[in-house]
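Contents: one structure, followed by commentary.
The values are calculated or read from the model by the stated rules, or taken from the named source; none is laboratory data. Only a predicted model underlies this, so the values are computations on that prediction, with no experimental measurement involved. A quick note on method: Cβ atoms are made from the backbone with ideal geometry, for glycine too, and the neighbour counts reach across all protein chains shown. Heavy atoms of the whole protein, side chains included, go into the accessibility calculation; ligands, DNA and RNA do not. Shrake-Rupley method; radii C 1.70, N 1.55, O 1.52, S 1.80 Å.
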Amino acid sequence: MKFKKIIVTGGAGFIGSNFVHYVVNNHPEVHVTVLDKLTYAGNRANLAGLPENRVKLVVGDIADTLLVDELVKDTDAIVHYAAESHNDNSLNDPSPFVHTNLIGTFTLLEAARKYKVRFHHVSTDEVYGDLPLREDLPGHGEGEGEKFTDKTPYNPSSPYSSTKAGSDLLVRAWARSFGLQVTISNCSNNYGPYQHIEKFIPRQITNILSGIRPKLYGAGKNVRDWIHTNDHSSAVWTILEKGKMGETYLIGADGEEDNKTVVELILELMGQPKDAYDHVTDRPGHDLRYAIDATKLRTELGWTPEFTNFRAGLMDTIKWYTENENWWKAEKEAVEANYAKSGQ
Ligand code: NAD
Ligand code: TDX
């Protein structure tokens, strides 16, 4: 099906706004309505420069039934990115996570059901819990080790990942019980420009730019599977257009790195000594390793990532934060003060 009008929830956040730019640049026939509450993580500036006749921003809550009904009745598809997205925040106060990730998703699903609208749900690999570190596997990391697939049982660890898992289950139930036309994607850790400075990579880059030493949780052995956000956007579009109804696709680009290696690489790329960082209090319940097997998406839908050189992607990201201090500077002090309260 060709989509003419889509709603992108959370389209003023990091990944959602990247997707809106992707759609405007690659699909001239599509008109986008962004539904975003503009929480601390949403920013109008992320949509700057987009043509007004192609993109409309509606500031509102995805859990607002009347507003959602009004918008959904006039759309071809919903691409649902809006979420409370930060694990550390969910440990301090889970309540907005339950509201947005669960009640918000439920509200959107009910409207999609009423108007029979195609629904793509953007989720995370964290719903599967974590994998053992390779060094703890027999053979001490020789070979691939286990990775997540769409058959991996759900086993979320934090209030964030459990509310994302709950939202995935709602979507699956609405597909089976009500025949809603849905697809789900579970992506690994994204990086790139416009990511909020509470997150690992931009926090360390903006620390160095502010004369603060980077902060590594625990020993820094935890592994994340990094993907450039541009590749996440092309994958979501591919699934929206070609995905089989009711299916789940895992999105990843074989980018596993441990956190210590990433901090050291950022320091090196920014001309600092490799050991100029602090070990700080670990995250409670900290997931050890995420790793995605994206074979299904690659072979069944023909998607391939383009931005797979992590070093080059990090260099571009560092350049963006260096040149766009006005985008993050005002928030830096408050973000660091908040982390300091938990010894991080
Ligand atoms: P983000 O926190 O940068 O952006 C979230 C956006 O949602 C913000 O613009 C915010 O204003 C909006 N929002 C929050 N609550 C809302 C509500 N009640 N109503 C309307 N809008 C609301 O998050 P992100 O990193 O861009 O993540 C986007 C999506 O991708 C999330 O669903 C997240 O779970 C998923 N995801 C993220 C990653 C990652 O590495 N960041 C990886 C896999 C999946
Ligand atoms: O200062 C830090 N130091 C540090 O060592 C921060 C903020 C994080 N970390 C560690 C914790 C994680 O092992 O770095 C890793 C990445 O941390 P985050 O950026 O907070 O990401 P993570 O918890 O892995 O979750 C991310 O990926 C999956 C996104 O925030 C989620 O929205 C997504 O679902």
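Inside region 1-78, counting only strands (runs of 3 or more DSSP E) that do not spill past its ends, which hold 3 or more residues that are under 25 Å from Asn326 (Cβ atoms) and more than 16 Å from ligand 2 (Cβ to nearest atom)? First the steps, then the outcome.
On the way: elements: 5-9, 31-36, 55-59.
Fully inside region 1-78 and qualifying: 55-59.
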Q) Considering only region 56-77, how many residues are small (Gly, Ala, Ser) and more than 27 Å from Met245 (Cα to Cα)? A) 1
Q) From the residues in region 79-95 that are within 18 Å of Gly16 (Cβ to Cβ) and within 15 Å of ligand 2 (Cβ to nearest atom), which one is surrounded by the fewest Cβ atoms within 10 Å (Cβ to Cβ)? A) His86
Q. In region 191-215, what residues are within 11 Å of ligand 2 (Cβ to nearest atom), in a loop (DSSP other than H, G, I, E, B) and under 21 Å from the mean Cα position of the chain (by Cα)?
A. Gln195, His196, Ile197, Glu198, Lys199
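Residues are listed down the side, and each one gets a yes or a no for (1) in contact with a strand residue (DSSP E or B) (Cβ under 8 Å, 6 or more places away or on another chain); (2) open to solvent by 50 Å² or more (accessible area, probe 1.4 Å):
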position	(1), (2)
Val8	yes, no
Phe14	yes, no
Val20	yes, no
Val23	yes, no
Asn26	no, yes
Val30	yes, no
Asn46	no, no
Leu50	no, no
Val58	yes, no
Q) Would it be correct to say that Trp328 is part of a helix (DSSP H, G or I) and in contact with a Pro (Cβ under 6 Å, 6 or more places away or on another chain)? A) no
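Here is a list: Gly166, Gly129. Which entry is among the small types (Gly, Ala, Ser), touching a residue at least 24 places away in the same chain (Cβ under 8 Å), surrounded by fewer than 22 Cβ atoms within 10 Å (Cβ to Cβ) and touching a Leu at 6+ places or on another chain (Cβ under 8 Å)? Break it down into steps so the answer makes sense when it comes.
Values: Gly129 fails: touching a Leu at 6+ places or on another chain (Cβ under 8 Å).
Unique residue meeting the criteria: Gly166.
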Q: Determine whether Phe106 is closer than 18 Å to Ser162 by Cβ and surrounded by 20 or more Cβ atoms within 10 Å (Cβ to Cβ).
A: no
(Q) Looking at region 216-247 only, could you name the residues that are under 12 Å from the mean Cα position of the chain (by Cα), within 15 Å of ligand 2 (Cβ to nearest atom) and open to solvent by 10 Å² or more (accessible area, probe 1.4 Å)? (A) Trp226, His228
Q) Out of curiosity, is Glu146 within 15 Å of ligand 1 (Cβ to nearest atom) and not in a helix (DSSP H, G or I)? A) no
Q | Answer residue from region 79-113, given it is more than 11 Å from ligand 1 (Cβ to nearest atom) and assigned to a loop (DSSP other than H, G, I, E, B) and is farthest from Gln344 (Cα to Cα) among those | A | Pro94
Q: State which residue is farthest from His121 (Cα to Cα) when the search covers only region 249-299 and only residues that are open to solvent by 20 Å² or more (accessible area, probe 1.4 Å), within 9 Å of ligand 2 (Cβ to nearest atom) and in a loop (DSSP other than H, G, I, E, B).
A: Asp282
**Q.** Candidates Tyr194, Tyr154, Tyr160, filtered to the one that is under 18 Å from Arg289 (Cα atoms), open to solvent by 40 Å² or more (accessible area, probe 1.4 Å) and out of contact with any strand residue (DSSP E or B) (no Cβ under 7 Å at 6 or more places or on another chain)
**A.** Tyr154
(Q) Conditions first: (1) closer than 21 Å to His31 by Cβ; (2) touching a Ser or Thr at 6+ places or on another chain (Cβ under 7 Å); (3) away from ligand 1 (no atom under 14 Å from the Cβ); (4) not small (Gly, Ala, Ser). Lys116 passes all but one, so which condition is the exception? (A) (2)
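This table checks each residue for (1) touching a Phe, Trp or Tyr at 6+ places or on another chain (Cβ under 8 Å); (2) among the charged types (D, E, K, R).
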residue	(1), (2)
Val262	yes, no
Leu267	yes, no
Glu323	no, yes
Asn326	no, no
Lys329	no, yes
Ala334	no, no
Gly343	no, no
